[in-house]
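Worksheet: the structure to be examined is printed underneath.
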Amino acid sequence: MEYEDKAGRPSRPSSPKQNVRKNLDFEPLSTTALILEDRPANLPAKPAEEAQRHRQQYEEMVVQAKKRELREAQRRRKQLEERCRVEDGIGNAALTWNNEVLPNWEAMWSSRKVRDLWWQGIPPSVRGKVWSLAIGNELNITHELFDICLARAKERWRTFSTGGSEVENEDAGFSAADREASLELIKLDISRTFPNLCIFQQGGPYHDMLHSILGAYTCYRPDVGYVQGMSFIAAVLILNLDTADAFIAFSNLLNKPCQMAFFRVDHGLMLTYFAAFEVFFEENLPKLFAHFKKNNLTPDIYLIDWIFTLYSKSLPLDLACRIWDVFCRDGEEFLFRTALGILKLFEDILTRMDFIHSAQFLTRLPEDLPADEVFAAIATVQMQSRNKKWTQVLAALQKDSREMEKGSPSLRH
């Protein structure tokens, strides 16, 4: 039934909740009011004991709130102090690299003092210079050669975009289908490279640089072409070097024995690397090694992605750069030492997982891995087995593999 107001307009009756609110003689403003205020006149008064208890509860709440505020203030102060400490450390390290190490690279890069600086992380302001020097340029690639390869790549892109089928003499022996597949894969992979950063995708500030380096490389090494995962390596270099220097570092880095074995998909050599890794896996983490063996979890399931992208896809970018720092110092051995460090860090979790959950966990590591914890785990890994170092173990396995190939007719074909 509708009601009319004084002006004669129909109005709806107030809700029961509104009626209850109107009948209250007070409006509680907070839980504090409910605890401390006297009850309304139409309700029985609080007993003295209850009022006293409420006051004590309120006072306890105030004390706890002040403690929380104090803890939060202390936490913020510690965070600020830590940030200042880190920034001061980075600034001091940058001065040491610029004033002492870089001008005397050959004499100092492997000294004890500088080895410690590598481990602590190279300051971003000098990281590109240090990486370039450490990777080297054994291929003697010049900026002019990069320009030639890039021009050839651009010409090839134009040819394919217009439907042409001209074959350059330099690419004889490599089918047009292979070359076109490489170009298509580059385009697809760039869109999936560090997507959260939004700087390498179409329209991003580094898209053309990444496209140029990968395209130029397919012209420089048509026998290798483009392999999925290369985009992440090139992207990390672009973030630290200009385009031509990034191309030089990229080409020399991929020419290292371990990277070339993986990117050329040399199955025999890849298996040798996995076998060497398992020697040190069993030495450092026997319990987890036995668990993986029992569940048939082989190294290729998780190592391939880590090695292909040098951890840049699997770990947070700042942590991946720290891994790269020491990789540039120690070479391929550190890639496998890092893998053992990660397994060490999560050993307790992994030993309780079955094959599927272990594989899923290792191929999608937690996104918030603290660098200090990872490096602390890596530091516990010993790369020595029965008095043999990584290079000795790998060389012995390679020799065994060659002898098996010579002795087995089935392996020769």
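With 0.36 nm allotted per residue and the present C-alpha distance subtracted, the residue 372-residue 51 stretch has 110.3 nm of extension available.
Legend: Rg and Dmax of segment 178-262, from Cα coordinates, 11.9, 35 Å.
Ranked by the mean number of other Cβ atoms within 10 Å per residue, highest first, peptides 183-192, 138-147 order as 183-192, 138-147. Applying a DSSP loop filter and a limit of 10 other Cβ atoms within 10 Å to the trypsin sites (Lys or Arg not before Pro) in segment 321-400 leaves 352, 364, 386. Residues whose amide H falls under 5 Å from that of residue 385, counting only those 5 or more places apart or on a different chain, are absent, with hydrogens built in the peptide plane. Within the straight-line cut-off of under 28 Å between alpha carbons, the lysines reachable from residue 293 are 313, 344, 388, 389, 399, sequence neighbours fewer than 8 places apart in one chain being disregarded.
Just check segment 85-154 against the gyration tensor rule for me: Cα atoms, a ≥ b ≥ c as the square roots of the eigenvalues, rounded for a/c under 1.5, and otherwise prolate or oblate depending on whether a/b exceeds b/c.
Prolate shape, in that a/c is at least 1.5 and a/b is the bigger ratio.
Would you work out what percent of the accessible area of segment 97-143, with all protein chains in place, is carbon or sulfur (probe 1.4 Å)? Mind dumping the intermediate values first?
Numbers: 1250 of 2600 Å².
On segment 97-143, the fraction of accessible area on carbon and sulfur atoms equals 48 percent.
Ligands, DNA and RNA left out, the 1.4 Å accessible surface of segment 211-305 is 52% carbon and sulfur atoms. Note that segment 63-124 presents 75 Å² accessible area per residue, ligands and nucleic acids not counted, probe 1.4 Å.
A 1.4 Å probe, protein heavy atoms only, puts the accessible area of residue 350 near 0 Å².
For segment 292-336, the alpha carbon convex hull comes to 72 Å³ per residue, rounded to a whole number. Its alpha carbons give segment 50-108 an Rg and a Dmax of 24.8, 80 Å.
Beyond 23 Å, what share of the Cα-Cα pairs of segment 206-300 remains, rounded to the nearest whole percent?
Here the tail beyond 23 Å accounts for 42 percent of pairs.
For segment 202-296, the solvent-accessible area of protein heavy atoms averages 37 Å² per residue (probe radius 1.4 Å; ligands and nucleic acids excluded). Quantify how much of the Cα-Cα distance distribution of segment 198-238 extends past 11 Å, in percent. So the portion of pairs separated by more than 11 Å is 62 percent.
The values are calculated or read from the model by the stated rules, or taken from the named source; none is laboratory data. Note that the coordinates shown come from a computational prediction; the quantities given were computed from them, not determined experimentally. Here the Cβ is made from the backbone with ideal geometry for all residues, glycine too, and neighbour counts use every protein chain on show. Surface areas here come from the heavy atoms of the whole protein model, side chains and all, with no ligands, DNA or RNA. Shrake-Rupley method; radii C 1.70, N 1.55, O 1.52, S 1.80 Å.
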